[in-house]
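The values are calculated or read from the model by the stated rules, or taken from the named source; none is laboratory data. All values derive from a computational prediction rather than experimental measurement. Note: ideal-geometry Cβ built from the backbone for every residue, glycine included; neighbour counts use all protein chains shown.
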Amino acid sequence: MNSTPLRSHCPITTGIDVIGDKWTLLIIRHMLFRQQYTYGQLLEIKEKIASKVLAERLRTLVADGLIEKRNHPTNKKVFLYTLTDKGISTIEIMTKIINFSVTHYRSQMITKPIDKTKLSYIYTHAKSEKAFIKDTKTAYIKFRKNLLNF
């Protein structure tokens, strides 16, 4: 497996090369916030990722060390994908994107009635950005531990 080729030594370019494509953060979003961990679950992303694209992105995310791929303990045809600590650290980036979107595009994101399960709602109703990040990391790490310790 090949990791993402880097175009330069610029930290912004490097970050964009690794996580700035159309699908990476959406895949991580589903893993981190919706605790989805199989190929089939990730294929259900509402933004309609193609199966070939998902497979390629998962391979690259594994090679880049953002996720781990493991055999399912009872079904050898199913793999479990979990975020590594490096993958979990993208929460800070996603939080900044959420903050930008909620601040500047709130009217386009509001749905009637307000869906309390939406990420924007959860973020805007957290005690603070720092608490949101901490709570999300803690919840995912607990989920990952339970998932991998059958």
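Remarks
- The stretch 39-52, residues that are surrounded by 14 or more Cβ atoms within 10 Å (Cβ to Cβ) and either free of Cβ contacts under 8 Å to residues at least 40 places away in the same chain or polar (S, T, N, Q) (or both): GLN41, LEU42, LEU43, ILE45, ILE49
- Taken over the stretch 23-46, residues that are β-branched (Val, Ile, Thr), outside any helix (DSSP H, G or I) and more than 19 Å from LYS76 (Cα to Cα) amount to 1.
- Scanning the stretch 19-46 for residues that are β-branched (Val, Ile, Thr) and either more than 9 Å from the chain's Cα centre (by Cα) or at positive phi (or both) returns ILE19, THR38, ILE45.
- Enumeration of residues in the stretch 1-22 that are part of a helix (DSSP H, G or I) and loosely packed, with under 15 Cβ neighbours inside 10 Å: PRO11, ILE12, THR13, GLY15, ILE16
- Flag set for LEU58, criterion: without any contact (Cβ under 8 Å) to a residue 40 or more places away in the chain, surrounded by 11 or more Cβ atoms within 10 Å (Cβ to Cβ) and within 15 Å of the chain's Cα centre (by Cα).
- A count restricted to the stretch 9-37 and to residues that are in contact with a Ser or Thr (Cβ under 7 Å, 6 or more places away or on another chain) and of a type in the set (Val, Ile, Thr) stands at 3.
- Once the stretch 71-123 is narrowed to residues that are surrounded by 13 or more Cβ atoms within 10 Å (Cβ to Cβ) and in contact with a strand residue (DSSP E or B) (Cβ under 7 Å, 6 or more places away or on another chain), the residue that is modelled with the lowest pLDDT is HIS72.
- Any hit, the stretch 47-61, residues being under 24 Å from ALA131 (Cβ atoms) and in a helix (DSSP H, G or I): no
- The set of residues in the stretch 75-112 being more than 12 Å from the chain's Cα centre (by Cα), without any contact (Cβ under 8 Å) to a residue 40 or more places away in the chain and not in a helix (DSSP H, G or I) consists of ASN75, LYS76, LYS77, ILE110, THR111, LYS112.
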